[in-house]
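Following: one structure in structure tokens, then a few remarks.
The values are calculated or read from the model by the stated rules, or taken from the named source; none is laboratory data. Just so it is clear, the structure is predicted and the values come from calculations on it, not from any experiment. Ideal geometry is used to build each Cβ from the backbone, glycine not excepted, and the neighbour counts take in all protein chains shown. Keep in mind that these areas ignore ligands, DNA and RNA; they rest on the heavy atoms of the full protein, side chains included. Shrake-Rupley method; radii C 1.70, N 1.55, O 1.52, S 1.80 Å.
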Amino acid sequence: MSQARNHRDWAIVGVVVAALITVNALAHFAGHWPGLLAVPVGAVAVVLLARMRGLAWSEMGISSSELKYGFRWSAIVVVAVVVVVGAGVAIPWTRTFFLNDRYSSARDALLAALVWIPVQTVIPEELLFRGVLQGSLRRVMSRRLTLIAGAALFGLWHIASSLGLSAGNAGVTDAIGAGVGAAVAGVVGAVVATSAAGWILGWLRFRTANLLAPIVLHWTLNASGALGAALAWQLL
């Protein structure tokens, strides 16, 4: 690889990381409508920008040539996640961790699972992280370092969204308490958990050479969590 090409590839990584920081800030601190639109609109903009800078569709996992592998893995992950979440809701001790105040209504949980989660979270985040970021990182890093860096950035992405975690979930509040210390513990726990999830999603992206399976896994995790929360509230 020529030095000029290497510099260009690192420049793409820098632009993508800067875009992620900007989108995250807008999503959480810029008001209601910017918050709703920032991630999906930002994802489309970053994908188009990366394509203009020379990142191929296949490097972003958007190529249709490997879809068959995505379908196979998608079926596996859906069954696995549903079984695990179902068991978690069924067991009284773990059920409390599903008691998220946002999804105490079955209607709200269903709307979130079918509309808001895929449109505002899952699809745009997968385009941003397992698509553009992972594709650009792979140009300048080994596969292992790409997974580590992508997972770490995915974890940091969730700092702002986890600031009220300990206050909005009865099970988490019971486990770690309330106050500043609990809030910090909630953020650290969320970053660690989402970093681990980011590594798995990134591995799945490499394994299938396509974004379909990571999207399905990400959606299944989030949607089953919302629906599991609604069910857990009904079982109290």
Output yes when any residue across the range 142-152 is charged (D, E, K, R), over 25 Å from Ala226 (Cβ atoms), surrounded by fewer than 14 Cβ atoms within 10 Å (Cβ to Cβ) and in contact with a helix residue (DSSP H, G or I) (Cβ under 9 Å, 6 or more places away or on another chain), and no when none is.
-> yes
May I ask you to list the residues in the range 43-72 that are assigned to a helix (DSSP H, G or I), open to solvent by less than 60 Å² (accessible area, probe 1.4 Å) and farther than 21 Å from Arg207 by Cβ?
-> Ala43, Ala45, Val46, Val47, Ala50
When the range 207-216 is examined, which residues are found to be more than 10 Å from the chain's Cα centre (by Cα) and either within 25 Å of Leu111 (Cβ to Cβ) or open to solvent by less than 30 Å² (accessible area, probe 1.4 Å) (or both)?
-> Thr208, Asn210, Leu211, Leu212, Ala213, Val216
Filtering the range 176-191 down to residues that are within 13 Å of the chain's Cα centre (by Cα) and surrounded by fewer than 18 Cβ atoms within 10 Å (Cβ to Cβ) yields none
Per the list (1) closer than 21 Å to Ile123 by Cβ; (2) open to solvent by less than 80 Å² (accessible area, probe 1.4 Å), residue check on Leu37 breaks on (2)
Which of the residues belonging to the range 62-79 are β-branched (Val, Ile, Thr) and more than 17 Å from Ser224 (Cβ to Cβ)?
-> Ile62
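Residues are listed down the side, and each one gets a yes or a no for (1) open to solvent by 80 Å² or more (accessible area, probe 1.4 Å); (2) more than 20 Å from the chain's Cα centre (by Cα); (3) touching a residue at least 12 places away in the same chain (Cβ under 8 Å):
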position: His7; (1), (2), (3): yes, yes, no
position: Trp10; (1), (2), (3): yes, yes, yes
position: Val16; (1), (2), (3): no, no, yes
position: Asn24; (1), (2), (3): no, no, yes
position: Ser74; (1), (2), (3): no, no, yes
position: Val77; (1), (2), (3): no, no, yes
position: Val81; (1), (2), (3): no, no, yes
position: Val84; (1), (2), (3): yes, no, no
